[in-house]
Amino acid sequence: MEADVNFCTSCGADLRQVPAQENENQKPAEKQSAPTQQPQQTQQAAPVQQPTQSAPTNQSASVQNTGMRRTEVQQQPAAPSGFSLYWEWLVASWKTPSADLAKEKWYGIVDLAFEILLFSIACWEMMQKGVSSVTSGIGSLIPQVSSYASQQVQNVGVQLFFALIISSLVMIIGAWVTRIFLFQDKVSFVDQLNEIGQASNYNMILSVVIFILAFIGGANNFIAFLAFAMNLVFLASVISSGMGNKPAKRDRLFGALILLVIILVATFIFIGMAANTLKSLGF
């Protein structure tokens with residue numbers, strides 16, 4: 001057909017309306033193809049969005065784990081301190097003095113020093129009251145007499161403390177030497193001291209009672225009885241620790257003689273130091 005022909009020669013159709021209809025038929029096709037492309041774009045974008053969604057989940061899980069750990073730490077009981085462990089050991093030793101109890105190396109020396117310190121202060125207080133009652137009348141006339149007497153009493157209290165420390169250590173050394181001689185044990189001196197301190201922990205109660213009664217006053221005879229009881233408890237602890245209860249590799253009689261001699265030496269040391277103290281006071 002020629003370009004300027006507007007009508008079909010066969011059927012007589014108007015050829016000017018054909019392109020408009022083709023354009024109208026193409027537009028719905030384009031509109032229908034658009035929705036088919038959107039799911040593809042969505043499917044392609046979906047994998048990109050997955051990592052961004054997992055990040056908050058991991059963070060929340062870590063926060064929950066951290067919170068659970070903090071709760072577990074807060075619920076755990078606090079470990080007992082050194083003093084509470086010492087108190088538990090002290091109470092257990094009152095129930096079973098000769099039992100094999102768990103203890104630190106400083107328990108024995110603390111027991112020994114504390115008991116002797118309380119006893120020395122109690123003796124100092126008793127002597128102070130006795131000197132004050134004697135010098136009350138003279139001290140009002142001559143004040144130097146009262147001050148001199150008080151100073152001498154303080155010196156006696158200090159010397160008594162060291163005399164008790166030295167004599168007690170000599171007895172403990174005697175028990176240690178006897179134990180090594182009889183059983184050939186490789187026990188240290190600190191362990192020996194702890195064992196004797198545990199066995200003589202009743203003296204902790206007696207020393208506290210003596211300390212209280214000394215400041216109350218008026219119970220000197222009972223205090224003397226308690227002091228004698230303290231000496232017996234300590235001697236029994238030294239002997240039981242030195243002699244032991246297991247089969248000995250040497251004859252026990254020789255061990256008993258060694259321990260007895262050392263105890264007598266310690267007693268003479270204490271008596272000699274006490275005598276020198278009394279001489280310094282003019283007795």
Please enumerate the residues belonging to the stretch 221-259 that are free of Cβ contacts under 8 Å to residues at least 24 places away in the same chain, aliphatic (A, V, I, L, M) and within 20 Å of LEU164 (Cβ to Cβ). ALA224, LEU226, ALA229, LEU232
Picking from GLY255, GLY282, GLY244, GLY272, the residue that is among the small types (Gly, Ala, Ser), at pLDDT below 85 and over 37 Å from the mean Cα position of the chain (by Cα) would be GLY282
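Filter the stretch 254-283 down to residues that are assigned to a helix (DSSP H, G or I) and farther than 21 Å from GLN192 by Cβ, then give me how many there are.
Going through the stretch 254-283, the residues assigned to a helix (DSSP H, G or I) turn out to be 254-280.
In the following step, the residues that additionally are farther than 21 Å from GLN192 by Cβ were identified as 268, 271-280.
Here the count works out to 11.
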Would you please name the residue that is surrounded by the fewest Cβ atoms within 10 Å (Cβ to Cβ), looking only at residues in the stretch 186-219 that are assigned to a loop (DSSP other than H, G, I, E, B) and without any contact (Cβ under 8 Å) to a residue 24 or more places away in the chain? LYS186
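I'm trying to understand the selection: among the residues of the stretch 221-253, which are over 23 Å from TYR202 (Cα atoms) and in a helix (DSSP H, G or I)? Spell out the reasoning first.
Here is the first cut: in the stretch 221-253, the ones over 23 Å from TYR202 (Cα atoms) are 246-253.
Correct list: ARG252, LEU253.
The values are calculated or read from the model by the stated rules, or taken from the named source; none is laboratory data. As the structure is a prediction and not an experimental result, all values here were calculated from the model. Backbone-built Cβ (ideal geometry, glycine too); neighbour counts: all protein chains shown.
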